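Down below is the structure, laid out as structure tokens.
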Amino acid sequence: MPNILQDDFSKLEYEGWTRVTDLYDKSWANLTRQFIEPLLNTVKIMPGMQALDIACGPGYVSQAIYSMKATPIGVDFSSSMIALAKKLYPHIEFVEGDAQALDFPDASFDVAVMNFGMLHLSKPERAMAEARRVLKKNGRFGFTVWAGPEKSPAASVMFSSIMKYADQDVNMPEAPPSYYFSDEKLTTELLAKNGFDNISFTDHLVEWVVPSAEYLFETEMNAGVRTAAFLKRQTDETLSKIRTAVIEGMKKFYDGNSYRLKFCGCVVGGTRK
Ligand SMILES: C[S@@+](CC[C@H](N)C(=O)[O-])C[C@H]1O[C@@H](n2cnc3c(N)ncnc32)[C@H](O)[C@@H]1O
């Protein structure tokens, strides 16, 4: 684990991502990969560009950049994620490192992207400043985060079940709110404060087709990190109530064959001044 990550939330995230690395590809990746195209459109990736894929996980975004004839480097703090990325895409460079203390010189990339990484950081504003530092002038930074439950029907089922039944006072490490960057005004202000202009912020609704009503809850429990940690701190009785409520809430997504869960994400971009 990189030295800088000594706060409890980073430790939780590090242990979590290391534990679920092998499950990620079969679960969340089918959802998060749907944001790669809008994310790369936001940063206007072009052949020949040098691109940094921050919190790269198994490297899907890097591979998409590579297939567009640009040159990606993927960075992630989890050694198991980096090992998987190197195995899946041996022609791409992947390195271990912290998004909040990037080990790259100033002004070395044309583009920096982070697909669903910001919401896992204890100091996301530091990551924003780091992205700016490693970008060349007029280089573009893009990232995705989940939209709040009010815009995201499937996330809303999970959120409302947790709000209704969970003990909110269980001991979780201090961290920024899960939906911090889904607030357009706040995100725009933070990007401007950190030296970006031409800021764009768009919502993107996708469908995650899953086989059962239990799938979302089980995936949160087994392949999730922050929500899993919160759920695992609940009593068995509470957990059972949340599980039942989520399964019940999934019924509205059933199409007679599978469950079409609708999730909304925010695709954010800014140009380094
Ligand atoms: C939801 S996954 C997204 C992976 C990938 N970007 C994708 O689109 O599939 C979040 C990733 O963030 C990484 N991560 C979390 N905190 C990090 C940090 N401080 N520095 C670098 N990577 C981090 C995790 O290891 C994990 O691979």
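Please treat every number below as a calculation from the coordinates, not as lab data. Please read these numbers as outputs of a predicted model, since none were measured by experiment. Please note: Cβ atoms are built from the backbone with ideal geometry, for glycine as well, and neighbour counts cover all protein chains shown.
Tabulated results
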{"read-out": "In order through region 214-221: 3J(HN,Hα) via Karplus (6.51 cos²θ - 1.76 cosθ + 1.60), integer Hz, x for Gly, Pro", "value": "7, 4, 5, 4, 5, 5, 4, 5"}
{"read-out": "Whether region 139-273 is rounded, prolate or oblate, judged on the alpha carbon gyration tensor where a/c under 1.5 counts as rounded", "value": "oblate"}
{"read-out": "Whole-number percent relative contact order across the chain, with pairs defined as alpha carbons under 8 Å at least 6 apart", "value": "23 percent"}
{"read-out": "Label-to-label distance, nm, for residues given as Val95 and Ser258 (7 Å Cα→Cβ offset)", "value": "3.9 nm"}
{"read-out": "Region 8-272 - Rg over Rh from alpha carbon coordinates, Kirkwood radius", "value": "0.96"}
{"read-out": "Ranked by how many other beta carbons lie within 10 Å on average, peptides 176-185, 115-124, 53-62, 76-85 from highest", "value": "53-62, 115-124, 76-85, 176-185"}
{"read-out": "Nearest-0.05 FRET efficiency for Ala129 and Lys273, computed from C-beta distance (R0 22 Å)", "value": "0.95"}
{"read-out": "Alpha-carbon spread of region 11-104, three principal axes, descending order, Å", "value": "36, 30, 23"}
{"read-out": "Contour minus Cα-Cα distance for Gln168 and Lys11 (0.36 nm per residue)", "value": "54.4 nm"}
{"read-out": "Nearby lysines by direct alpha-carbon distance to Lys44 (threshold 21 angstrom, same-chain neighbours under 8 apart not counted)", "value": "Lys69, Lys136, Lys137, Lys273"}
